[in-house]
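The values are calculated or read from the model by the stated rules, or taken from the named source; none is laboratory data. Here the structure is a predicted model, which is why all the values come from computation and not from measurement. All Cβ positions, even for glycine, are placed from backbone atoms using ideal geometry, and neighbour counts span all protein chains on display.
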Amino acid sequence: MQYWNPTFECMPREEMARVQSERLINTVKRIYHNVPFYREKMQKKGLEPGDIKTVEDLKYLPFTYKQDLRDNYPYGLFAAPLSEIVRIHASSGTTGKQTVVGYTRKDIDTWSEVMARTFTCAGATKESIIQVAYGYGLFTGGLGAHYGAERVGASVIPISGGNTKRQLQLMKDFGTTILACAPSYALFMAEEMEEMGLKKEELKIKAGVFGAEPWTENMRKEIQDRLGIMAIDIYGLSEIIGPGVATECQHRCGMHIAEDHFIPEIIDPVTEEVLPLGSEGELVFTTVTKEGLPLIRYRTRDISKLNYEKCECGRTAVRMSKVSGRTDDMLIIRGVNVFPSQIESVLLEMAEVAPHYMLIVDRVDNLDLLEVWVEMNQNMFSDEVKKIEQVERKIRTELDSAIGINAKVKLVEPKTIERSEGKAKRVIDKRVLK
Amino acid sequence: MLIKQISVFLENKSGRLAEVTKVLGQNNIDISALSIADTTDFGILRLIVNNPDMAEKVLKDNQFTVSSTNVIAVGVEDKPGGLYKALGVLENNDTGIEYMYAFVGKTSDEALVILRVDDSDKAIDILTNNGIEVLSSDKVYKL
């Protein structure tokens, strides 16, 4: 089966706008009446629920920030009483309180629906055997994938993360056809396979559904080659619903957003203005069917762009491009917005360069200078100066074309840039503004 | 005839060169020739030592970025025009020199030169056919 729900996935655009408008109107009523936080925000803007008549009016509504979820910890933004909430998830808070999300029975149903669409994109049917190696627990990955896989009618192996040897043994013995996990874990499995002497030909696996962390086209190629599968990129965040917000189809040319549930916008993260179609900017979502925790114009901090053209697969649902960066740690250099993660993805795409870097921003004679420190390694070292300078030049050119900034590249000795799980310090801003 | 040269990446900050020589000294490795190519940001230290494999290993163990390259060592007459004799034949035979440096030799009437060329085997043939002495690795490592 090619589509899970063709009515919505392939719905003509005008029809989709009508569905979205109707659902948005209901959501706005719901939050206005049930969530004091939203009521106050709307009243401050002089808005009443009746002012929102179509999806075009979305731009008048206030934004929701991650901080709002923290400030209203744990249940303050819920739009349904706890008696109707059947599930609570939370995302790890590295920089503050946990972000708590609640689902009503209907929300779980919606989540299963959008994840069923995802698995169908990966070729799943009732005959499939789906191994869910995302973590089960407060993290939305495991259970989100689990419910979607069950909804399709596949046989689900709820193995969760870790214990890689056993994962591979079961994958072989149980005849897993689809794997769901973080892409870096898929690569780790491929390495472990080599060590165990397990050949991809011995496995029945055909596709993988990978998300929950940034990954590159190079990683995709490697996963596809080493496991002999089709690797599908998926997008989600717990605040919106978890995995299933958007998914690639088998053409792998952008992730189709489940627009009948989540309306995307692209905004300028500084001016907060909605950007023209096709522009790159911050992705903002409004949920229009959620009951437990509906969010209006939620600032994801993820940088992406939207493509409204009909896809080769026949779906009309808008496609978002792979997230190219985060707006959290944005730097403004010579008036250009620069995201450390954009620099990271440039480096990740270059095979010879290690993904460890440091950004030094300084101001000399009133001009901002960006210096990118990159670690020298065995792959790019040569006894000839010109060969090393070629690599430096390549990094500089790639950075220039990706972020439009002429950065200075400085090669430093290996292992001299701080390593850290999670939030390493990547930026030193020495600018003193006088 | 090929000599194994060890190259080390040096970030342009104080103490790095000293650190390399310290590691080599502690491991009883004798340096017989060296040169540094430097840019504003980094340098490449090129070394001829008595035990290149060991040098490569101990430097890598100490987190240095190291590579080994084949070079040739040539003995030329220590008098005006001596070096030209060697370089001239290479030039006449279209063999490009990436870089070269002189050797702290211990013989009196000869000057020793390390050459990094694009095609070492071809260069060795040209030099020996023209009566220029190319030193064996055994001999060079013992200097």
Within the stretch A:355-372, can you find the residues that are farther than 21 Å from residue A:431 by Cβ and either touching a His at 6+ places or on another chain (Cβ under 7 Å) or surrounded by fewer than 19 Cβ atoms within 10 Å (Cβ to Cβ) (or both)? A:355
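Scan A:291, A:282, A:272 and give me the residue that is of a type outside the set (A, V, I, L, M), under 21 Å from residue A:52 (Cβ atoms) and touching a strand residue (DSSP E or B) at 6+ places or on another chain (Cβ under 7 Å). Talk me through it step by step, then tell me what you get.
Details: A:282 fails: under 21 Å from residue A:52 (Cβ atoms); A:272 fails: touching a strand residue (DSSP E or B) at 6+ places or on another chain (Cβ under 7 Å).
Of the residues listed, the single one that is of a type outside the set (A, V, I, L, M), under 21 Å from residue A:52 (Cβ atoms) and touching a strand residue (DSSP E or B) at 6+ places or on another chain (Cβ under 7 Å) is A:291.
Mind listing just one residue for me: the one in the stretch B:2-20 that is facing another protein chain (nearest Cβ under 8 Å) and assigned to a strand (DSSP E or B) and, of those, farthest from residue B:50 (Cα to Cα)?
Of the stretch B:2-20, the ones facing another protein chain (nearest Cβ under 8 Å) are B:5, B:7, B:9-11, B:16.
Applying the additional criterion that residues be assigned to a strand (DSSP E or B) yields B:5, B:7, B:9-11.
Details: B:5: 10, B:7: 14, B:9: 20, B:10: 21, B:11: 25 Å.
Within the stretch B:2-20, the match that is farthest from residue B:50 (Cα to Cα) is B:11.
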Kindly list, by first and then second residue, each pair from a residue in the stretch A:28-45 that is outside any helix (DSSP H, G or I) to a residue that is crowded, with 19+ Cβ neighbours inside 10 Å, limited to pairs with Cβ atoms under 9 Å and residues at least 6 apart or on different chains. A:35/A:77; A:35/A:78; A:35/A:79; A:35/A:294; A:45/A:61
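Criterion first (surrounded by fewer than 20 Cβ atoms within 10 Å (Cβ to Cβ) and more than 28 Å from residue A:380 (Cβ to Cβ)) does residue B:89 satisfy it?
Yes, satisfied.
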Subset of the stretch A:235-272 that is in contact (Cβ under 8 Å) with a residue 24 or more places away in the chain, among the β-branched types (Val, Ile, Thr) and in a loop (DSSP other than H, G, I, E, B) - its residue that is surrounded by the most Cβ atoms within 10 Å (Cβ to Cβ): A:241
Against the conditions (1) farther than 17 Å from residue A:380 by Cα; (2) surrounded by fewer than 17 Cβ atoms within 10 Å (Cβ to Cβ), where does residue B:52 fall short? Just the number, please. (2)
How about the stretch B:24-40: which of its residues are surrounded by fewer than 18 Cβ atoms within 10 Å (Cβ to Cβ) and more than 13 Å from chain A (Cβ to nearest Cβ)? B:25, B:26, B:27, B:28, B:30, B:31
Counting just the residues of the stretch A:385-398 that are crowded, with 17+ Cβ neighbours inside 10 Å and within 24 Å of residue B:116 (Cα to Cα), which one comes out farthest from the other protein chains (Cβ to nearest Cβ)? A:391
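Here are some residues: A:375, A:352. Which one is of a type in the set (Asp, Glu), over 19 Å from residue A:429 (Cβ atoms), without any contact (Cβ under 8 Å) to a residue 40 or more places away in the chain and within 14 Å of chain B (Cβ to nearest Cβ)?
Values: A:375 fails: without any contact (Cβ under 8 Å) to a residue 40 or more places away in the chain.
Criteria check complete, one pass: A:352.
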May I ask you to list the residues in the stretch A:298-342 that are surrounded by fewer than 19 Cβ atoms within 10 Å (Cβ to Cβ) and either of a type in the set (Phe, Trp, Tyr) or at positive phi (or both)? A:308, A:314, A:334, A:335
Considering only the stretch A:340-363, how many residues are part of a strand (DSSP E or B) and over 15 Å from residue A:405 (Cβ atoms)? 1
Kindly list, by first and then second residue, each pair from a residue in the stretch A:170-187 that is over 16 Å from residue A:198 (Cα atoms) and crowded, with 24+ Cβ neighbours inside 10 Å to a residue that is of a type in the set (Ser, Thr, Tyr) and at pLDDT 95 or above, limited to pairs with Cβ atoms under 7 Å and residues at least 6 apart or on different chains. A:178/A:128
Which condition number in (1) under 20 Å from residue A:170 (Cβ atoms); (2) over 20 Å from the mean Cα position of the chain (by Cα); (3) of a type in the set (Val, Ile, Thr) is the one that residue A:132 fails? (2)
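Applying the selection to the stretch A:159-169, what residues are of a type outside the set (S, T, N, Q) and buried (at least 17 other Cβ atoms within 10 Å of the Cβ)? First the steps, then the outcome.
Residues of the stretch A:159-169 of a type outside the set (S, T, N, Q): A:159, A:161-162, A:165-166, A:168.
Hits for the stretch A:159-169 are A:159, A:161, A:168.
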Say we look at the stretch B:92-143 and pick out the residues that are under 21 Å from residue B:45 (Cα atoms) and among the acidic types (Asp, Glu); which of these is surrounded by the fewest Cβ atoms within 10 Å (Cβ to Cβ)? B:118
Condition check: within 13 Å of chain B (Cβ to nearest Cβ), surrounded by fewer than 19 Cβ atoms within 10 Å (Cβ to Cβ) and either in contact with a strand residue (DSSP E or B) (Cβ under 6 Å, 6 or more places away or on another chain) or modelled with pLDDT under 85 (or both). Does residue A:410 satisfy that? yes
Mind telling me which of the residues A:401, A:382 ends up being surrounded by fewer than 20 Cβ atoms within 10 Å (Cβ to Cβ), without any contact (Cβ under 8 Å) to a residue 12 or more places away in the chain and within 14 Å of chain B (Cβ to nearest Cβ)? A:382
Quick check on my filter: what residues within the stretch A:302-335 are basic (Lys, Arg) and outside any strand (DSSP E or B)? A:310, A:315, A:322, A:334
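Checking the condition touching a Pro at 6+ places or on another chain (Cβ under 7 Å) and surrounded by 13 or more Cβ atoms within 10 Å (Cβ to Cβ), which residue from A:97, A:45, A:66, A:29 passes?
On the way: A:97 fails: touching a Pro at 6+ places or on another chain (Cβ under 7 Å); A:45 fails: surrounded by 13 or more Cβ atoms within 10 Å (Cβ to Cβ); A:66 fails: touching a Pro at 6+ places or on another chain (Cβ under 7 Å).
Among A:97, A:45, A:66, A:29, only A:29 is touching a Pro at 6+ places or on another chain (Cβ under 7 Å) and surrounded by 13 or more Cβ atoms within 10 Å (Cβ to Cβ).
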With the condition kept exactly as written, say whether any residue in the stretch A:420-427 is more than 13 Å from chain B (Cβ to nearest Cβ) and part of a strand (DSSP E or B). yes
Subset of the stretch A:393-413, residues within 14 Å of residue B:42 (Cα to Cα) and of a type outside the set (Asp, Glu), comes to A:408, A:409, A:410, A:411, A:412
